[in-house]
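The values are calculated or read from the model by the stated rules, or taken from the named source; none is laboratory data. Remember, it's a predicted structure, so these values are computed and weren't measured experimentally. Counting neighbours? That spans all protein chains shown, and the Cβs are built from the backbone with ideal geometry, glycine included.
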Amino acid sequence: MKTKIICVLFLSAILIASACKKKKDDDPQPYSTFKIGALNITYNSHTKFGKFCVLSKYCGTFQNDGYQPDINNIQIGLPSAVASGSVFHAGQSDFYFIYVDAQGNRYYSYYGGNMVLTVTSWEGNGGWVKGTFSGSLPSEANPQQDSVIIQNGIFEGKIWYIE
């Protein structure tokens, strides 16, 4: 009888201990989603935000699986002063935003427009960046006459770089 009681108590202790363990939150999944006219676009893959950039301090690209630099992606470049709550505007030094559509047409904040990107969370190296964006981007081919309007943009991605 003592053996049965000890076994029941032992099993109860194991069940209680396993029930009390904290469940580890899963990392978010990198993605970007936005709207152009009636078209909803989602990119479920990205390059980590790193420091291998030409025009800014940190840069990352969101795309469909199988990165093709000539079509279907957005590229974001952020200045060194990035932090949670930072707001960046088209034309601002060291900030760029590029959208490349399915036909390979490039729309680029360098040529103007009113693209605004807000960093809602910046966790630094090894952490995550999250933010929102919207606005217009002029066409690289014809910046005076052609532009695209992006609405309700959201992104989140991993930050990783070597010091």
For this session: Return a yes/no flag: does the range 79-94 have any residue that is at pLDDT 95 or above and of a type in the set (Phe, Trp, Tyr).
Result: yes
Exercise. In the set GLY104, GLY126, GLY135, which member is surrounded by fewer than 21 Cβ atoms within 10 Å (Cβ to Cβ), on the phi > 0 side of the Ramachandran plot, of a type outside the set (A, V, I, L, M) and part of a strand (DSSP E or B)?
Worked result: GLY135
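Residues in the range 81-113 that are of a type in the set (S, T, N, Q) and closer than 14 Å to ASP70 by Cα: how many?
The first filter runs over the range 81-113 and keeps only residues of a type in the set (S, T, N, Q), leaving 84, 86, 92-93, 103, 105, 109.
Those left that are additionally closer than 14 Å to ASP70 by Cα: 103, 105.
Qualifying residue count for the region: 2.
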For this session: Identify, by number, the condition in (1) of a type outside the set (Ser, Thr, Tyr); (2) outside any loop (DSSP other than H, G, I, E, B); (3) surrounded by 14 or more Cβ atoms within 10 Å (Cβ to Cβ) that GLN151 doesn't meet.
Result: (3)
For this session: Determine the pairs where a residue that is at pLDDT 95 or above, located within the range 138-151, has a partner that is crowded, with 16+ Cβ neighbours inside 10 Å and part of a loop (DSSP other than H, G, I, E, B) with Cβ atoms under 6 Å apart, the partner being 6 or more residues away or on another chain.
Result: PRO138/GLY113
Problem set entry | Residues that are at pLDDT below 85 and crowded, with 16+ Cβ neighbours inside 10 Å, drawn from the range 54-66 | none
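I'd like the full set of residues that are among the hydroxyl-bearing types (Ser, Thr, Tyr) and under 12 Å from GLY135 (Cα atoms), limited to the range 95-112.
Restricting attention to the range 95-112, the residues satisfying the condition of being among the hydroxyl-bearing types (Ser, Thr, Tyr) are 96, 99, 107-111.
Listed by number, the residues that qualify are TYR99, TYR107, TYR108, SER109.
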